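To keep things clear, I will list the structure first and then write my remarks on it.
The values are calculated or read from the model by the stated rules, or taken from the named source; none is laboratory data. These figures come from a predicted structure and were not determined experimentally. With ideal geometry, Cβ positions are generated from the backbone for all residues, glycine too; neighbour counts draw on all protein chains shown.
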Amino acid sequence: IVATVSVPYLYVTKTACISPLEDTTKLLQLLQYPFLCSIPIGFLATNIIVVNNLRDRHTDIHAGKRTMAVRFGATFAKMEYLLLVVASYAFCVYFYLLEAESVRWTTLLPLLSLPMSIPQLKAVAFGGKDGQMLNEHVGGAAKLQLVYCILMTAGCLIANTR
């Protein structure tokens, strides 16, 4: 979130000549959308780590690592993965409800990546895959995040040209 919001913050305060101390309300309005966009992106980034920790949990126990998958178990990690994917797509609906009528559809563009998430969900959250069988799904989680981010960026660009 810090990386996602700090760039717009620096841009707005330098180019728009907005003083953070003088015009806090306007600054918060300008930073609201980047902040909200960073949340589902962060969820999908977290899923890369979740799959990695789920895959490595057996060796992490012997190495003394205390990851969430080690502390709370495989079922917890699988449900965490599911919850983060579902929450990422739920944010699209939330953005849809926030946006003006003319650009509302652009907030739904990340939903086009939903078919990519289904095989990942089947394998990670609902499947019996474990250990090295999850290797391809670490990359799959990263690819899902990439496509989601590209579609979200496209939606933002389209909305800003209207």
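Just one of the listed residues (110, 119, 115) is at pLDDT 90 or above and touching a Phe, Trp or Tyr at 6+ places or on another chain (Cβ under 7 Å), namely 110. Within region 95-135, the residues that satisfy the criterion of being exposed (fewer than 14 other Cβ atoms within 10 Å of the Cβ), touching a helix residue (DSSP H, G or I) at 6+ places or on another chain (Cβ under 8 Å) and not hydrophobic (A, V, I, L, M, F, W, C) are 130, 131, 132, 135.
For (1) under 14 Å from the mean Cα position of the chain (by Cα); (2) part of a helix (DSSP H, G or I); (3) within 16 Å of residue 43 (Cα to Cα), each residue gets a yes or a no:
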site: 92; (1), (2), (3): yes, yes, yes
site: 97; (1), (2), (3): no, yes, no
site: 103; (1), (2), (3): no, yes, no
site: 108; (1), (2), (3): no, yes, no
site: 111; (1), (2), (3): yes, yes, yes
site: 114; (1), (2), (3): yes, yes, yes
site: 128; (1), (2), (3): no, no, no
site: 138; (1), (2), (3): no, yes, yes
site: 145; (1), (2), (3): yes, yes, yes
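Scanning region 116-126 for residues that are part of a loop (DSSP other than H, G, I, E, B) and aliphatic (A, V, I, L, M) returns a single hit, 125.
Please pick out the residue among 69, 87 that is over 29 Å from residue 157 (Cα atoms) and in a helix (DSSP H, G or I).
Numbers: 87 fails: over 29 Å from residue 157 (Cα atoms).
After ruling out the rest, the residue left standing is 69.
Being more than 30 Å from residue 34 (Cβ to Cβ) and either surrounded by fewer than 17 Cβ atoms within 10 Å (Cβ to Cβ) or at pLDDT 90 or above (or both) is a property that does not hold for residue 140.
Cβ separations smaller than 8 Å between residues 6+ apart or across chains give the following pairs from region 71-87 residues that are closer than 8 Å to residue 125 by Cβ to residues that are among the polar types (S, T, N, Q) and assigned to a helix (DSSP H, G or I): 81/47; 85/47; 85/117; 85/120. Across region 147-161, the number of residues qualifying as more than 15 Å from the chain's Cα centre (by Cα) and crowded, with 20+ Cβ neighbours inside 10 Å comes to 1. When region 120-161 is filtered for residues that are polar (S, T, N, Q) and more than 23 Å from residue 77 (Cβ to Cβ), the ones remaining, listed by number, are 153, 160, 161.
Scan region 46-68 and tell me whether some residue there is under 29 Å from residue 99 (Cβ atoms), touching a residue at least 12 places away in the same chain (Cβ under 8 Å), surrounded by 15 or more Cβ atoms within 10 Å (Cβ to Cβ) and not hydroxyl-bearing (Ser, Thr, Tyr). Yes, region 46-68 has at least one match.
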